[in-house]
């Protein structure tokens with residue numbers, strides 16, 4: 001009985017040792033397999049360069065080319081307004097006549113001084129009066145004439161431009177205190193002010209063509225051109241202002257309309273990547289890609305330009321020659337270990 005127990009215990013010990021040896025020999029293999037299973041499989045493509053047309057879209061509001069407020073420089077009562085809102089006016093046209101009781105008196109005084117000056121001049125030429133007397137009367141007449149001219153400007157308000165009356169703030173008989181009575185806008189042409197990235201300052205020229213579209217005219221485009229380039233760069237936005245003029249011969253474009261301006265600045269060599277590489281972060285407009293870095297990936301924010309077919313122009317974030325992940329991103333986070341597989345391998349498994 002004692003020998004049987006001994007043999008039994010010896011057999012059990014042997015089996016335990018054997019199981020331990022087998023388990024020890026299998027552990028490295030299982031650990032290696034487990035580690036390999038933890039490595040994400042991805043497909044990558046190399047970022048390349050390509051000539052990309054720099055067609056940039058801008059937005060803005062249609063503005064009058066010139067806007068004038070018609071007003072008197074002093075407190076006066078309106079005698080008569082000759083135009084209404086929507087009236088087309090020409091440069092120099094009488095728009096408003098103001099009441100001015102002193103105007104008639106000043107005009108009569110100026111005419112009398114002119115007659116007197118002519119009389120003194122005749123006497124001066126005949127030797128009947130001195131140079132000083134003639135100069136005095138000439139000065140009096142000039143002062144009176146200047147005063148009458150100023151009164152005339154404030155009594156008869158003329159349009160400084162050809163355009164359309166877009167606002168009327170008073171009626172006949174109203175007393176103004178220097179406020180605008182009318183607003184006249186030049187609508188042929190009109191303009192848009194757009195902010196352009198400083199990158200394109202060297203390519204922007206007076207006369208650069210601009211294609212204009214408006215949502216309210218979906219099937220029509222308008223030809224504009226750069227007519228003014230502001231000489232400074234905004235240090236905060238890194239942009240400069242540019243004025244785009246549009247002929248508007250048929251007056252379809254009116255101030256306040258929302259417009260889109262498209263400018264072609266020519267082709268530039270740009271880094272491009274597949275659209276399959278781009279990841280849009282939820283809740284923001286930020287775009288990211290995974291870049292292969294050795295046996296792991298880095299999660300990198302990118303600034304994208306134009307989309308051409310199935311590729312994106314990259315402004316910043318990716319350099320030519322870097323490998324970007326184009327499949328298998330759903331299992332990745334920053335610094336994830338990866339294995340690059342060839343095309344044809346199904347990554348959905």
> Just to be sure, is residue 269 buried (at least 18 other Cβ atoms within 10 Å of the Cβ) and either in contact with a strand residue (DSSP E or B) (Cβ under 7 Å, 6 or more places away or on another chain) or within 30 Å of residue 67 (Cα to Cα) (or both)?
Replying inline: no
>> Every residue in the range 20-79 that is in a loop (DSSP other than H, G, I, E, B), surrounded by 15 or more Cβ atoms within 10 Å (Cβ to Cβ) and either modelled with pLDDT under 75 or touching a helix residue (DSSP H, G or I) at 6+ places or on another chain (Cβ under 6 Å) (or both), please.
In response: 72
>> Tell me which strands (runs of 3 or more DSSP E) are completely within the range 109-218 and hold 2 or more residues being in the same structural domain as residue 258 (by TED's automatic domain parsing) and touching a strand residue (DSSP E or B) at 6+ places or on another chain (Cβ under 8 Å), or say none if there are none.
In response: 182-197, 209-214
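Here is a yes/no grid of residues against (1) in contact with a helix residue (DSSP H, G or I) (Cβ under 7 Å, 6 or more places away or on another chain); (2) loosely packed, with under 15 Cβ neighbours inside 10 Å; (3) assigned by TED's automatic domain parsing to the domain that holds residue 309:
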position	(1), (2), (3)
222	no, no, no
228	no, yes, no
256	no, yes, no
280	no, yes, yes
> Scanning for something under 26 Å from residue 90 (Cα atoms), in contact (Cβ under 8 Å) with a residue 40 or more places away in the chain and more than 45 Å from the chain's Cα centre (by Cα), does the range 142-156 turn up at least one residue?
Replying inline: yes
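The values are calculated or read from the model by the stated rules, or taken from the named source; none is laboratory data. All of these numbers come straight from a predicted model, not from anything done at the bench. Because the Cβ atoms are built from the backbone with ideal geometry, glycine has one as well, and the counts that use them run over all protein chains shown.
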